[in-house]
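Presented below is the structure to which this report refers.
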């Protein structure tokens, strides 16, 4: 008789064996036994490790609904930021500001810089929120949570920075514009060029400043100094852990600037030199940060690339839609009919890439696995690796250390040794 | 050295082994080695057996585009059928008909029955066309071609019978209605009830007559008599092959009537008794046909069910949209807000079914396969089965019979025996 557990790590003698178990549906009910590739030991997110399919599925649905609501409600700070550009309204709301705002320097600051600052600060609050939402979505590893949060933040900022500024108005109003599929190009053609100067300013205020602050890391410096000041009496303050990069915030931010570049390059080419400076700065600064500052927390295995690809395809199709709208509005039917095949070809290219390259992002091929397995067969280190594998994954809930009461006694009674595997054959007294 | 072939049947000692080879991506390039489950020997469709991924993919794209064009252009006969209901227009076109149409009986026939007859005849031409399109799409088995054609015919008749009659007008006009997502419910709420009497008549004229003609099989009887008359001198005319059912025509036709029932039951409950009679007739007649007339051509393994499920979900969501529109048009905001969660819940149910049940339609579970393999291991018939397996699949292109010229000599030189497998190790003279 074998003890039943809700979920477990299963180790295999070969990579190929693991891939077979991963790819094949194990039981007749597809949701009864779910196999997932085990994350690295330090990458496991334990809270959802034991959850059932239904629980995971429901939390996923709830999180998606919450994300949509959050995206819709986020428009309130955006509208406030936009209204700052209109000083007379602000003075009517807060009469005591009248004397201050009369000064040229301050009014320029308020209209030119403050809206962006407010928008940027509000947006900056979102990555932790989205990461929290992704963490309760049922993923079992930090890397998956980050990838999911990256996707959420990306669509959030595309919606709330690009579309909210372009189609300014209430969320329902925006939605009604986007639901009227036929008129989207025409609406975008009117709305997008009007916001060109705002987005050029956005590249400078948000892009340049954020990339420079990335170099200086002022916020982290202050935190570190505060911690040093507070905990100087506590245990060794010199042990500073190397920080890791927040992919779920850095990637969407760059993709948004990519989207701005692709959609505005033919409407307002002035945006291009600013973007060029941004990307050059980003290249230099992140190269430095990767070499000298950040330590990778997990091996992403290039799995963020499909997000970048999808965002690029979306940007291209959006650009085609805007171009189509502009040529229609300007009454150049020949130009607009030449544009029509472009989005179709782009989507076909996307579909072709999905077929040809996406499978490599989800699993290794049998050929690769078997080659690696054959190499490993002659590796004298393998027995040591297998013995380490048994104790590599430790569920904190099963660890007897944090419990000193009755629970802890039970835990230590069952799992007195960390090296005991979760599953082992046990003789039942009735069977002997 | 092994001879390279573009495609081959590979047989395995166990079902589990075959499933592993099927599920795992074989080479680093996902499109280099494509594994598909082999169809039954009499189910193989050879023309696309040797085609590459790119060729298959391009033909698929071309076929999809053709289908869309065909669906759009099919509106012409529909418009002609609809115009027959308007007799004055017809008399203006063909003045010599004036005297004939003046008689009450004939005018009733023309307005009441003829439009349906024309529509029905034109639609009946589509299944062979769609089957032809599916056959050049790259499928390697007749069953897959039928399934693909079934899907095509279903969406074709939903579009060209339901939507074309409801939103009567040009294809572009219809498309513009459907692209304006926000106003779909309101447009449907106005257009759908107006066509209630047409669809009640459609159930009787198209549904009842087609199901009755299914029993009599007049068309097949005439064909058979003609063949007997012509070929009485030719080889044994008594050898009549049992016919097989055209799933790609019968299933979409019933699903369309299901769609009519679901969308009209609250608008025109009069449709329900007619549909009830239709489905009772269909049950009795098809039960008889399956027992006494048809012989199955291939084992469908229940793979048509997802098409039925998808069509039902689509019908339900369409019904919710119409109800929402009607309550909005009739200004009952409380009722329309109660309707809103229904389509969302339906789609969630659909997604849940996709997760829980769809995997079982594509592959067997490892547990089932291993159980079956263990049963087979003790089966004394297995060696005989394996020896038959080698000669089960015969590519007609490799058969030496139809060739008597130079090509045939080459073929018979390489494959002088049908039992020689396609792949075998051969000693290269340079290596000896």
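All of the numbers you see were taken from the coordinates with simple rules; none came from a lab. This is a predicted model, so every value here is computed, not measured. A quick note on method: Cβ atoms are made from the backbone with ideal geometry, for glycine too, and the neighbour counts reach across all protein chains shown.
A few remarks follow.
- If R0 is taken as 45 Å, the Cβ-Cβ distance between residue A:111 and residue B:68 corresponds to a FRET efficiency of 0.35.
- Three-way shape call for the stretch B:262-335 based on the alpha-carbon gyration tensor, with the a/c threshold at 1.5: oblate
- For B:14, B:197, order by how many other beta-carbon atoms lie within 10 Å, fewest first: B:197, B:14
- R0 of 22 Å, Cβ-Cβ distance residue A:182-residue A:342: FRET efficiency to nearest 0.05: 0.75
- Label 7 Å beyond Cα on the Cβ vector: residue A:96 copy-to-copy distances, nm: 9.6
- Annotation for residue B:73, label-to-label distances across the other copies: 5.3 nm (shortest first, one decimal, point 7 Å from Cα along Cα→Cβ).
- Between the alpha-carbon centres of the stretch A:325-376 and the stretch A:200-215 there is a gap of 31 Å.
- Residues listed by number, the stretch A:95-117, amide nitrogen under 11 Å from residue A:198 label point at 7 Å toward C-beta: A:116
- Alpha-carbon gyration tensor eigenvalues x 5, square-rooted, for the stretch A:5-120, Å: 57, 17, 11
- Cβ crowding within 10 Å, taken as a proxy for footprinting-reagent exposure, orders A:152, A:60, A:103 from fewest neighbours to most as A:103, A:60, A:152.
- Förster radius 41 Å - calculated FRET efficiency between residue B:353 and residue A:300, Cβ distance, rounded to 0.05: 0.80
- Shielding by other protein chains, A:182-190, mean Cβ within 10 Å: 1
- Ordered by the number of other Cβ atoms lying within 10 Å of each residue's own Cβ, fewest first, B:344, A:251 fall into the sequence B:344, A:251.
- Overall form of the stretch B:251-291 per C-alpha gyration tensor (a/c, 1.5; a/b vs b/c): oblate
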